[in-house]
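The block underneath contains the structure these notes are about, expressed in structure tokens.
The values are calculated or read from the model by the stated rules, or taken from the named source; none is laboratory data. Bear in mind that the values here come from a model prediction, so they are computed numbers and not experimental data. Reconstructed Cβ throughout: ideal geometry from the backbone, glycine too, with neighbour counts over all protein chains shown. These accessible areas exclude ligands, DNA and RNA; they are computed on the full protein's heavy atoms, side chains included. Shrake-Rupley method; radii C 1.70, N 1.55, O 1.52, S 1.80 Å.
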Amino acid sequence: MKHCLTIAGSDSSGGAGIQGDLKTFSAHATFGMSVITAVTAQNTQGVFDVEDMNPSIIANQIEAIFDDIVVHAIKIGMVSKIETIEVIAKTLKKYSLPPLVLDPVMISKSGYNLLKPEAKKALIEKLFPMATLITPNLPETEEILGYKIKNLEVMKQAAKDLHSLGPDYILVKGGHLAYTATDILYDGKNFYSFKQERIKTTHTHGTGCSLSSAITANLAKGFPMTKAVKAAKEYITTAILHGFPIGKGVGPTHHFYELYKKAGIQYE
Ligand SMILES: Nc1ncnc2c1ncn2[C@@H]1O[C@H](COP(=O)(O)OP(=O)(O)OP(=O)(O)O)[C@@H](O)[C@H]1O
Ligand SMILES: Cc1ncc(CO)c(N)n1
């Protein structure tokens, strides 16, 4: 059994953030652990409130895990503000780290700033160089680099520009492209394209969180990066295809579709 850690925010509606990450780790038969950076009051319609955890409890959660349990891979999601970023970087640096996937969460699908705008610089300077992989979506990539991205060619240029900021691998996610859901992976030398037709659905709450957690679980199992991303892309595509129409807005994906199918579990 491999052990995966998510350092992220709690999503009360269960599809994204810590809850989505732990479901994804479990769906990959890995043991999930969590460090909560913030608690959000959100549902399928929006984010209504956020309470950030104090830096001391963030540090204590990280230390409690690393001082006791082997961590095979880490995912970082919502980090809210400068103090949170600083304490995560400082505390993690005390340990020898496994692969680290950083999802640079900035703005929720409903338009809420999950990262305070003034914290962008700290995220890039303190956490990007520690990351094995970063997984920005298109609005995040545009925000970090300061130019518009409308097609796959510009996504490749963006991947190169992001690579110069320190991560070993870049995955620019194309979920916000109009015509395809193609993601581009860059390792500093080669590009790898993960092509997928856009699925016509509104139930895409937490797709980014779940994709990065699936990659994390695959890295924990020792998959090389291209294989980890390929398998995670297949996982998220299935999860989106079977998304749940719960709530009045953007519903969550189905984290356990394949497992339920194999087990013959009826859930409808
Ligand atoms: N409609 C869709 N059909 C197929 N794949 C999709 C669709 N929407 C997103 N994806 C895929 O889901 C993954 C997550 O990408 P996306 O760009 O949506 O992340 P995100 O915006 O960070 O998500 P969130 O903020 O909700 O967590 C990517 O592999 C993307 O290509
Ligand atoms: C807590 C949290 N993290 C990340 C996202 C982005 O999907 C979200 N909506 N909520």
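Overview of values
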read-out	value
Selection status of LEU123, away from ligand 2 (no atom under 11 Å from the Cβ), open to solvent by less than 20 Å² (accessible area, probe 1.4 Å), within 21 Å of LEU211 (Cβ to Cβ) and touching a residue at least 12 places away in the same chain (Cβ under 8 Å)	yes
Number of positions in the stretch 202-243 that are under 16 Å from ASP21 (Cβ atoms), open to solvent by less than 30 Å² (accessible area, probe 1.4 Å) and more than 9 Å from ligand 1 (Cβ to nearest atom)	9
Considering residues of the stretch 86-120 that are open to solvent by less than 10 Å² (accessible area, probe 1.4 Å), more than 15 Å from ligand 2 (Cβ to nearest atom) and not in a strand (DSSP E or B) only, the residue nearest to LYS221 (Cα to Cα)	LEU92
Scan of the stretch 244-264 for residues that are in contact (Cβ under 8 Å) with a residue 24 or more places away in the chain and either in contact with a helix residue (DSSP H, G or I) (Cβ under 6 Å, 6 or more places away or on another chain) or open to solvent by 20 Å² or more (accessible area, probe 1.4 Å) (or both), ordered by number	PHE244, PRO245, ILE246, GLY247, LYS248, GLY249, VAL250, THR253, HIS255, PHE256, GLU258, LEU259
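Yes or no, residue by residue, for (1) more than 16 Å from ligand 2 (Cβ to nearest atom); (2) out of contact with any helix residue (DSSP H, G or I) (no Cβ under 8 Å at 6 or more places or on another chain); (3) in a loop (DSSP other than H, G, I, E, B); (4) at pLDDT 95 or above:
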residue	(1), (2), (3), (4)
ILE184	yes, no, no, yes
TYR192	yes, no, no, yes
GLU197	yes, yes, yes, no
LYS200	yes, yes, yes, no
LYS227	yes, no, no, yes
GLU234	yes, yes, no, yes
THR238	yes, no, no, yes
GLN266	yes, yes, yes, no
